[in-house]
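Data first, discussion second: the structure below is written as structure tokens.
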Amino acid sequence: AAVIFAGPATALPRARRSRAPVRRRLREAEAVALKPAVRGARVLENTWVRAEVDPRTGELARLYDKRLRREMLLPGANALVMIQDQPKDFDAWNIDDLKGRRTPLDQTVRVGVVMRDALGESVLVERSAPGAKVRQTILVPARAARVEVETEIEWSASHQLLKAVFPLAFRADSSWAEIPYGAISRPTRPMTRRDSARFEMPMQRWVDATAAPAQDGALAGVAWGVAVVNDAKYGYDARGDTLRITLLRSPKSPDPQADMGTHRFHYAIVPHTGDWRSQPIEAAAVDLNEPLRVLAIAPEAGTGPGGGRSIAGPVSVAGAGVTLGAVKRAEDGDALVIRLVETHGRAATAALRVRGAASLLETDLLERPTGASITGVDGLFRVQLKAWEIRTLKVSVR
């Protein structure tokens, strides 16, 4: 499996057979008639996407990308299914396979009415089966091209593994999943015994499947795909053209009460153009894992907006493909340590601003000086990074 460092990208692949702008070719793509996929479907939409929830099952009957004019998921997406999970050894650690008896969460299904407010359009879906009661608010945000699923589960199952299922409306021969400072590709159609053994795989904030770019037609050269982004779930499997993320397990040894009780978490389904580097994937990952927090700050005279106190942070970075990986106090002393990561796979220049700093000292990952230093002007530094490079910088701030 190929392992490379990953990150967001905003540029679309350049078309090979046409020089027409991508946006114009997208507008010229054949449209799919947007009649409801099922009778009585709860329709949630914004400028970019349309989702329909089946009132009988609570599953997604449709996810349609208005920009691409394409169906992105097959009916039955966001189905919830429990799989018998009783490994021979190490109950709380091992997953022997995913071939156990399956129980869909469809014993009771309640689908509410569509609610609309400034945040977007949403519907409450409640589903249950023995051992699991699930409440999900399915939301299409007003200002983002994705479907968010806020989940609360009362979990009392025994030796069950709970999955959320996402059948894709396109062929995907591989999946990409985020790993620390990188991404890894894994096949969705096993060719070797090693591939077959990957029935459950780790990820961090997201897993993605991307269709190969069309060779002709209005979308020639344009790749597209679907990512599932999460804030607290780190296992998935990908078989054929289906992604499934693991939500919960219920082992009984060594702790018979492990994971019993109420769980709350949040995931999002993100259709996109481009591949796994697409900016909407990173944006969703940040929104779910680093949500905006509101802090009350006492009024104080100063030089900020309106004469008040400035709340700008001590460190900021700008530059295509460059991520601020860490800002921390040094292990030894009071210096500030800043870690930059290049995430687009090409050389880049970062504009790093450090308030009150005159120079930066480069170190290794263990914060040992390497001897190189970077000088700046008024706290602004130009930092060169190679493809996938991680650079660690130490600064004493006045």
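Remarks
- Given (1) part of a loop (DSSP other than H, G, I, E, B); (2) without any contact (Cβ under 8 Å) to a residue 24 or more places away in the chain, index of the condition V286 fails: (1)
- Residue ranges of strands (runs of 3 or more DSSP E) in segment 96-189 with at least 3 members more than 30 Å from W388 (Cβ to Cβ), at pLDDT 95 or above and not β-branched (V, I, T): 115-117, 120-129, 132-141, 147-155, 160-167
- The strands (runs of 3 or more DSSP E) located wholly in segment 323-387 that include 2 or more residues which are within 28 Å of I281 (Cβ to Cβ) occupy 336-342, 348-354, 380-385.
- Filtered by the rule that a residue be assigned to a loop (DSSP other than H, G, I, E, B) and polar (S, T, N, Q), segment 388-398 gives a lone residue, S396.
- Taken over segment 227-245, the criterion of being of a type in the set (S, T, N, Q) and crowded, with 22+ Cβ neighbours inside 10 Å is satisfied by N230 alone.
- Matching residues, segment 329-345, being at positive phi and at pLDDT 85 or above: G333
- Residue count, segment 122-148 (criterion: of a type in the set (G, A, S) and farther than 23 Å from W48 by Cα): 4
- Residues in segment 55-74 that are in contact (Cβ under 8 Å) with a residue 40 or more places away in the chain and in a loop (DSSP other than H, G, I, E, B): P55, R56, T57, G58, R67, L68, R69, L74.
- Filter result for A372 (touching a Leu at 6+ places or on another chain (Cβ under 9 Å) and modelled with pLDDT of 85 or more): no
- The sole residue among A211, A312, A298 that is at pLDDT 90 or above and more than 30 Å from Q160 (Cα to Cα) is A211.
- Within segment 118-173, the only residue that satisfies the criterion of being basic (K, R), crowded, with 19+ Cβ neighbours inside 10 Å and more than 24 Å from L98 (Cα to Cα) is R146.
The values are calculated or read from the model by the stated rules, or taken from the named source; none is laboratory data. Keep in mind the model is a prediction, meaning the values are calculated, not measured. Every residue, glycine among them, receives a Cβ derived from its backbone with ideal geometry; neighbour counts consider all protein chains shown.
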